Amino acid sequence: MSNNLASFKADLIELLPSLRAFARSLAHNPSLADDLVQDTLVKALANVERFEPGTNLRAWLFTILRNHYYSQLRKLKREVEDADGKFAARMSSRPEQDGSVDLEDFKVAFQQLAPDHREVLTLVGASGCSYEEAAQICGCAVGTIKSRVNRARKKLADLLGLDEEGAPLPSEARRIEDIASV
């Protein structure tokens with residue numbers, strides 16, 4: 001078992017960046033995301049005997065992280081929330097590199113998506129999960145994931161004022177030109 005445990009730990013380490021990215025997409029707070037990842041690793045190591053070798057470790061870990069996040073969220077419902085992000089926005093510094101306006105527009109639009117749409121876009125788009133993995137993590141059918149991803153992408157494009165190819169719509173292009181001329 002020690003060889004299997006060593007292999008298991010090596011696989012855990014390899015998946016850390018993906019786990020952290022998924023945690024950040026859920027928590028929107030680097031500190032909380034790191035705590036989620038740490039709790040996920042502790043739970044995975046404590047339950048290593050429940051993992052069946054040969055199955056999808058990534059999906060198993062993402063499911064642990066997701067379930068832990070939602071459990072924590074239910075516990076925190078009585079606390080004051082920063083739902084609109086105003087308090088958090090005051091504590092962060094604005095990026096100074098090119099494209100920061102686009103990134104801020106994306107962040108704002110992404111936050112306007114329904115939670116299940118943000119979740120599937122993060123899993124499929126940012127974390128590189130297959131539709132099957134995302135369905136397993138979310139506990140729903142593959143067709144449901146495909147439908148959510150499609151609707152989420154369309155909604156995000158609408159919020160950003162983009163057409164199907166990702167180009168600004170004519171009215172949006174004029175708005176961008178107006179901003180650039182200021």
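Summing Lys, Arg as +1 and Asp, Glu as -1, what charge do residues with Cβ under 15 Å from the Cβ of Glu49 carry, Glu49 excluded?
Combined, the nearby Lys, Arg, Asp and Glu give +2.
What is the local net charge at Ala134, summed over the other residues whose Cβ is closer than 10 Å to its Cβ (Lys, Arg +1; Asp, Glu -1)?
After counting each charged neighbour, the total is -1.
Subtract the Cα-Cα distance of Lys77 and Ala10 from 0.36 nm times their separation in residues, and report this length gain in nm to one decimal.
That works out to 20.5 nm of additional length.
Compute the accessible area per residue over the stretch 104-151, keeping the other protein chains in place, probe 1.4 Å, unit Å².
On a per-residue basis, 46 Å².
First check a/c for the stretch 1-74, with a ≥ b ≥ c the square roots of the eigenvalues of its C-alpha gyration tensor; if it is under 1.5, answer rounded, and if not, answer prolate when a/b is larger than b/c or oblate otherwise.
Prolate is the answer for the stretch 1-74, as a/c is 1.5 or above and a/b outweighs b/c.
Heavy-atom accessible area of Val37 with all protein chains present, probe 1.4 Å, nearest 10 Å²?
Probe radius 1.4 Å; accessible area of Val37 about 10 Å².
Suppose every Lys and Arg Cβ carries +1 and every Asp and Glu Cβ carries -1, with no other charges. What dipole size does the stretch 28-69 come out with about its Cα centre, to the nearest 20 debye?
Using only the charged Cβ atoms, the result is roughly 140 debye.
Given a Förster distance of 25 angstrom, what is the FRET efficiency for Lys155 paired with Asn29, based on the Cβ-Cβ distance and rounded to 0.05?
With a Förster radius of 25 Å, E is 0.55.
Work through the residues other than Leu36 whose Cβ is under 15 Å from its Cβ and net out their charges, Lys, Arg +1 and Asp, Glu -1.
+2
Once the whole set of protein chains is in place, how much accessible area is left on Asp163, using a 1.4 Å probe, in Å² to the nearest 10?
About 50 Å², ignoring ligands and nucleic acids.
Roughly how much of Leu160 is accessible, in Å² to the nearest 10, using a 1.4 Å probe?
Accessible surface of Leu160 is approximately 40 Å².
Would you list Ile13, Ile137 from the most to the least accessible area, probe 1.4 Å?
Final ranking, largest accessible area leading: Ile13, Ile137.
Order Glu14, Glu132, most accessible first, counting only protein heavy atoms with a 1.4 angstrom probe.
Ranked list, largest accessible area first: Glu14, Glu132.
On a 1.4 Å probe surface of the protein chains, which of Thr144, Thr122 comes out largest in accessible area, and what is the full order?
Ranking Thr144, Thr122 by accessible area, largest first, yields Thr144, Thr122.
Have a look at Gly139, Leu123, Leu156 and report the one farthest towards the positive end of the charge dipole of the stretch 101-163, computed about the Cα centre with Cβ charges (Lys/Arg +1, Asp/Glu -1).
Of the options given, the answer is Gly139.
Could you work out how far apart the two model spin labels at Ala46 and Val108 are, taking each label as a point 7 Å from the Cα in the direction of the beta carbon, and quote it in nm?
So the label points at Ala46 and Val108 sit 4.2 nm apart.
Using the Cα centre of the stretch 1-68 as origin and beta-carbon charges of +1 (Lys, Arg) and -1 (Asp, Glu), tell me which of Val48, Asn4, Pro30 is placed farthest towards the positive end of the dipole.
Pro30
The values are calculated or read from the model by the stated rules, or taken from the named source; none is laboratory data. Here the structure is a predicted model, which is why all the values come from computation and not from measurement. In this analysis, Cβ positions are derived from the backbone assuming ideal geometry, glycine residues included, and neighbour counts consider all displayed protein chains. Protein only, heavy atoms only, side chains kept; ligands, DNA and RNA dropped before computing areas. Shrake-Rupley method; radii C 1.70, N 1.55, O 1.52, S 1.80 Å.
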